[in-house]
Amino acid sequence: MSVADIAQTMQSKFNASAAAGLDLVFQFNIEDGENYALIVKDGTCALEQGDNPNANVTLIMDSETLKGIVSGETDGMQAFMAGKLRAEGDMMLAMKLGELFPV
C-alpha cells in the first residue's frame, strides 16, 4: 500500500460533522515516501501532494507508522511516545485527527 493509497483511505473515513467550522492544514511528512497535506475546511477535506506552507501542524513519520495509525493497528499517541511519530506546530490539533478520521 503506497502513501497515496493510505491518504485516500484517510479521505474516505473523513467525518464531515466533526470538521464544521474548522479551517486547518495537516501536513504529513513521510520519511520514506511522498509528503501530503490534508486541508480541512468547513466540513470538507481536500488532499494535496507535496508540502503546504500554511500547515497548522506537521506530522513526521515513516509510511509503516502512517499505515498502522490509519488502519487502527497503531495508536497515534503510542507511536508518538515511542518516537515513531514527531509533530511540529500545534500539537493539540494532532489530537483532533482521531475525531476527523475515525478508524
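What follows draws every value from the coordinates through simple rules; no lab data is involved. From a predicted model like this one, the values you see are computed outputs, not experimental measurements. Because the Cβ atoms are built from the backbone with ideal geometry, glycine has one as well, and the counts that use them run over all protein chains shown.
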What's the angle, to the nearest 10 degrees (0 to 90), between helix 3-12's Cα axis and the longest principal axis of the chain?
-> 40 degrees
Count neighbours as other Cβ atoms within 10 Å of each site's Cβ, and list the GluC sites (Glu not before Pro) in region 39-92 that are DSSP loop with at most 10 such neighbours.
-> 73
Folded to 0 to 90 degrees: helix 91-100 orientation relative to the chain principal axis, Cα | 70 degrees
Any idea what the dipole of the chain comes to, in debye rounded to 20, about its Cα centre with Lys/Arg Cβ at +1 and Asp/Glu Cβ at -1?
-> 260 debye
So for the chain, taking the charge dipole from beta-carbon charges (+1 Lys/Arg, -1 Asp/Glu), which of 72, 60, 28 sits furthest toward the positive end?
-> 72
So what does the Cα-only Debye profile of the chain read at q = 0.10, 0.17 Å⁻¹, as log10 I(q)/I(0), no solvent term?
-> -0.22, -0.69
Interchain or sequence-distant (5+) residues whose placed amide H lies within less than 5 Å of the amide H of residue 57 are 25, 27, 90
